[in-house]
Amino acid sequence: MWAACALAAATGIALAVKAPAAGLPLPVLAAAVAIPAWLALTKRTGVALAVVLLYLGLIDGVVKLQTGSHAATLGRDVFLYAVAIGAALRARGPFRLPALGGWVLLWTAIVIMQLANPADQSLSHALASLRQHLEFVPLFFLGYEVLRTHASLNALFALLLTVAAINGAVAAYQSSLTPQQLAAWGPGYATMVLGPDARVFAGANGKPQIRPPGLGSDMGFSGILGATALPGGIALLMAYRRRRWLASLIVLGIIGAAVGVVVGESRSSLISAIVALLAMLGLIAVGRQAKRALIGICLTAATIGVAIVAIGSFDTNAFYRYGSIAPNRVVSTTYSSRQATWATTLQYIGEIPLGAGLGTVGPAAGKAGGKLTNWNAESQFSFLIVELGVPGLAVFLLFQAALCSTVVRGLRRERDPRTVVLMAAIAAPLFGYAVNWLVGVNTTSPPNAPYLWLAAGVISWWLVDRRRAEGVDA
């Protein structure tokens, strides 16, 4: 650890000497060196993990879009891996693989094996492209080791709800801007709303309207973040509903997260939010807490109703885009928008059973010397086939099936009502993500990817290994 401190100090001094010539403010440079050093050295790993999650939800996307540089997202990796390395160095005793850790190792092995795929564009590009598949895997082990108390889980939900509410407020403001006004925020924003693949749509008045990114790096970020945070918000409200001042803050957070879902103008995020809330209530019932599930239904309906009224009074056109996913149109809209993608999935299985090479599609395509391709990767299934072939798709689906089975079986055996509600809230967003496999990719970028790995680690401890450690038959 002292050697790491010395290396960090030497690096900081060297960068400080070069910073003025590069036009980089020294305070920014000092923070960029000091914060990762603290994240690695602090023994309060939970606080360090909270800093990483705050960075992912509030800063990462803004830095990328304001600079217009994809390399800016490497900052989140510096923070995350500083925490992971520090936690690993402080670990004591023999290492024991978590309950679902075998699937994580198998997934990692499948990804690394793709380095030997002759279809890779180059070794350097393939190495750089490992990132989009393995970047957030350390969160599985951090979630497993750190989030082992009810208080830590409540803190996680409060953190997610706060970040989602802030993103909802920012997205609501952005929804009132024209594409030209949002483009003035930075080169990344300009490319997003004015570039050749501009993410805009025709509103009720026929004029182009933006799909607000909130504080994320892509359109719909506030929506999927809100969908992720809502189950945890409901769990907090169920636990603290008798403390009026605290319950009022939680309600405000839920309303903010719901606003983020709606004004994000992402139909898939809205569907994910609905599925996640229904999944949470169903999982609570599976855990023999039907009364609590009923209370959750009432609280959910009340808070979301308030949010809908608030949104309608703020923007009368906010719900215009969602007309295409009304109950009588959702199936036809989904089918028409992804028909071509689904048709190519079976075709790709026959054409590229071992994949078309790392970094062929996804965030890594065209980066690190890669070339853009015409492979269709607009669903989770086609994305994994192109990148990792049939073995990668099979491992991912089996891992998710094992995770789902662990949740259902664990909740059936759980006797602590508080743990049932908390685990239902942790697992519920994963069901919302699964619905989105048909229309998008959920394993490469925030908030989906980091939450997936974090939640899997938490579930592994609470519903399997905790029971074993307590001498209960798992």
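Observations on the model:
- Based on the convex hull around the alpha carbon atoms, region 142-231 presents an average projected area of 7.3 nm².
- For region 385-429, with +1 on Lys and Arg beta carbons and -1 on Asp and Glu, the positive-most of 402, 392, 421 along the dipole: 421
- Cα-based convex hull volume of region 168-283 per residue, rounded to whole Å³: 107 Å³
- Nearest-0.05 FRET efficiency for residue 173 and residue 343, computed from C-beta distance (R0 45 Å): 0.65
- A dipole drawn for region 128-277 from +1 and -1 charges on Cβ atoms has a positive end, and of 212, 179, 168 the residue lying farthest that way is 168.
- Rg and Dmax [Cα atoms of region 422-467; Å; Rg one decimal, Dmax integer]: 11.4, 37
- Inter-label distance, nm, simple model (7 Å from Cα along the C-beta direction), residue 81/residue 97: 2.4 nm
- Extension gain from residue 416 to residue 59, taking 0.36 nm per residue of separation minus the Cα-Cα distance: 124.8 nm
- With bins 10 Å wide beginning at 0, the percent of Cα pairs of region 114-162 falling in each bin runs 22, 30, 20, 17, 11.
- Extension reserve of the residue 105-residue 405 stretch, reckoned as 0.36 nm per residue once the Cα distance is removed: 106.1 nm
- What the phi angles of region 243-259 give under the Karplus curve with 6.51, -1.76 and 1.60, with θ = phi - 60°, is a coupling list of 9, 4, 5, 6, 4, 5, 5, 5, 4, 4, x, 4, 4, x, 5, 5, 4 Hz, glycine and proline written as x.
- Computed over region 359-425, the convex hull of the alpha-carbon atoms projects to a mean area of 6.2 nm².
- Here region 59-181 yields Rg over Rh of 1.05, to two decimals, using C-alpha coordinates and the Kirkwood radius.
- Total formal charge among the other residues, if their Cβ is under 13 angstrom from that of residue 235, Lys/Arg +1 and Asp/Glu -1: +3
- Residue 146 sits among other residues whose Cβ lies under 13 Å from its own Cβ, and their net charge, with Lys and Arg +1 and Asp and Glu -1, is +3.
- Under 14 Å, Cβ to Cβ, from residue 46 - net charge with Lys/Arg +1 and Asp/Glu -1: +3
- For region 167-253, the set of chymotrypsin sites (Phe, Trp or Tyr not before Pro) satisfying both a DSSP loop assignment and a count of at most 10 other C-beta atoms within 10 Å is empty.
- P(r) of region 52-114 over all Cα-Cα pairs, binned every 10 Å from zero, in whole percent: 18, 29, 37, 15, 1
- The HN-Hα couplings worked out from phi for region 225-242 by the Karplus form 6.51 cos²θ - 1.76 cosθ + 1.60 (θ = phi - 60°) are 5, x, 4, 6, 7, 4, x, x, x, 5, 4, 5, 5, 5, 7, 10, 5, 8 Hz, whole numbers, x standing for Gly and Pro.
Values in this text are rule-based calculations from the coordinates and carry no lab data. If you're wondering where the values come from, they're calculated on a predicted model, not measured in any experiment. Backbone-built Cβ (ideal geometry, glycine too); neighbour counts: all protein chains shown.
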